[in-house]
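The structure under discussion appears below in the form of structure tokens.
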Amino acid sequence: MVTSFTVKSVATFISKEKRLGRFRDLVSLSSMENQTKDKIYFYYNHTDSCNSARWTARESYKFMYERPWQDVLHFFSNVVNARLTLSTVFGTDNSPQTYIDVVDDDYKTLELCDEKEERFGRWERVTFKIILSYSGYAFDGWQKQPGLNTVQEIVEKSLGRFVDDKKARLLKEKSKPLEGCAVVAGRTDKGVSAIRQVCSFYTWRKDVKPCDIEGEINSAAPGKLRVVSVSEVSRVFHPNFSAKWRRYLYIFPLNDQENEKQCCENVKEVESFSFARNCNEPSNKCVESSSSENVENLIIGNNKEFEAPNKPTCFSVCRVNQLLRHLEGKLLSYNMFARDTKASRNIGPPTECFMYHARAAEARIPCSVPEEGRKVMCVELVANRFLRKMVRVLVATSIREAAAGAEEDVLLKLMEATCRRATAPPAPPDGLCLVDVGYTDFNPKNCLIP
């Protein structure tokens, strides 16, 4: 009797719990729907005169992504496959191929010094410098990740043919695939292209030739990944630590209705819009709240409160150039322009970068429609180092500030902000390209945009 009563009680208890569980699920679902409907946003409290003319994060995202990016991707693909060069856009002879290879001369000099002494131990290994060109749309970035198609994975699989016997045995004992190890100058994100990415590979085999490495990598992903050159360098060469500067180019496609005349006329519209809005409540822009952010200088509100229908919808390329030039020749902390980095690494020297060159100019890239080519804005940035997504945030923020009619030193002022909501969301990766990496002192004469 007791056993029968216990079983029945347990069955009743389970039944009640199931009904209670369904009720909890319904409450949770209803709560989620209400939260979505009444979502709360945190916005950075800009205090300058053009605060009401700034786009919100959603407005900025929409402005950036609603562009003919396929024309830019097609252009980068042609450059990667050596069908076009950057001189096609700028009409100059300052093509990266004409001056970047001086790096080999420096390290070949060290190579000759090494040969005077007897080599032993790690100095017996042979180091190769590999310059790669790849289309960003075809890969999930550089860094190897499980289940993703990355440049590093393809390159290292190709290099597996040239590893020495000792390493091959170790990999086999650990049940690991036969792959080489490629060290890179800088990891690119998903969708970011590269024209002259630099990586290195070393082996103790003496029968490996540069042409063998070039052929093996070129056959791995034809049309998407191409070897520009392979050369033997000194063992002290390191693609990342030996580099003195990196050059990025961002190509932003312009719509047909956007031109300098319209953008200049839009300045009056910005001024009148800002004046009218400033008579009312101040409007400030940002994205949804995150508990890891500093909430100082933030205000709370519904997203609709901060989106106005008549905000400026175009910008001046000349104005973007003026904003960027204030960054040149300065060692600054770009903490506010970085993304996906831990807060503990966002203070002090780790966020400081020295910007050698920062310019923007209007140009045209070859395009079937229109026949005269697609009008674009090109942004060239050269610095000793770049933080995660720094270039894309800089480009997006510069465009946003130029459209809002901000002061020329606004980018410098934004560096003093208390949270990253002060800057715009990153621009699309489709327009970004790593042009080259320099191992000698930067020469201002060798710029794509003078």
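Results, tabulated for the structure shown:
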{"read-out": "Per-residue ³J(HN,Hα) for segment 368-381, Karplus 6.51 cos²θ - 1.76 cosθ + 1.60, θ = phi - 60°, Hz, x for Gly and Pro", "value": "5, 9, x, 5, 6, x, 7, 6, 9, 9, 9, 10, 10, 10"}
{"read-out": "Amide N proximity, segment 189-209 versus Leu148 label position 7 Å along Cα-to-Cβ, cut-off under 17 Å", "value": "189-194"}
{"read-out": "Ranked by how many other beta carbons lie within 10 Å on average, peptides 417-426, 157-166 from highest", "value": "417-426, 157-166"}
{"read-out": "Calculated FRET efficiency for the pair Val369/Arg325, C-beta based, R₀ 41 Å, to 0.05", "value": "0.75"}
{"read-out": "Estimated FRET transfer efficiency when R0 is 56 angstrom, pair Val183-Thr47 (beta carbons, to 0.05)", "value": "0.75"}
{"read-out": "Efficiency of FRET from Cβ geometry, Glu66 and Glu407, R₀ 35 Å, rounded to 0.05", "value": "0.80"}
{"read-out": "Separation of the Glu232 and Leu170 label points, Cα + 7 Å toward Cβ, nm", "value": "2.3 nm"}
{"read-out": "Inter-label distance for Asn255 and Trp204, nm, one decimal - labels placed 7 Å from Cα along Cα-to-Cβ", "value": "6.2 nm"}
{"read-out": "Surface accessible to a 1.4 Å probe, per residue, for the residues of segment 125-233, Å²", "value": "46 Å²"}
{"read-out": "Principal axis box of segment 125-233, alpha-carbon based, largest edge first, Å", "value": "36, 30, 23"}
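The values are calculated or read from the model by the stated rules, or taken from the named source; none is laboratory data. Please read these numbers as outputs of a predicted model, since none were measured by experiment. Counting neighbours? That spans all protein chains shown, and the Cβs are built from the backbone with ideal geometry, glycine included. Just the protein is used for accessible areas: all its heavy atoms, side chains included, with ligands, DNA and RNA removed. Shrake-Rupley method; radii C 1.70, N 1.55, O 1.52, S 1.80 Å.
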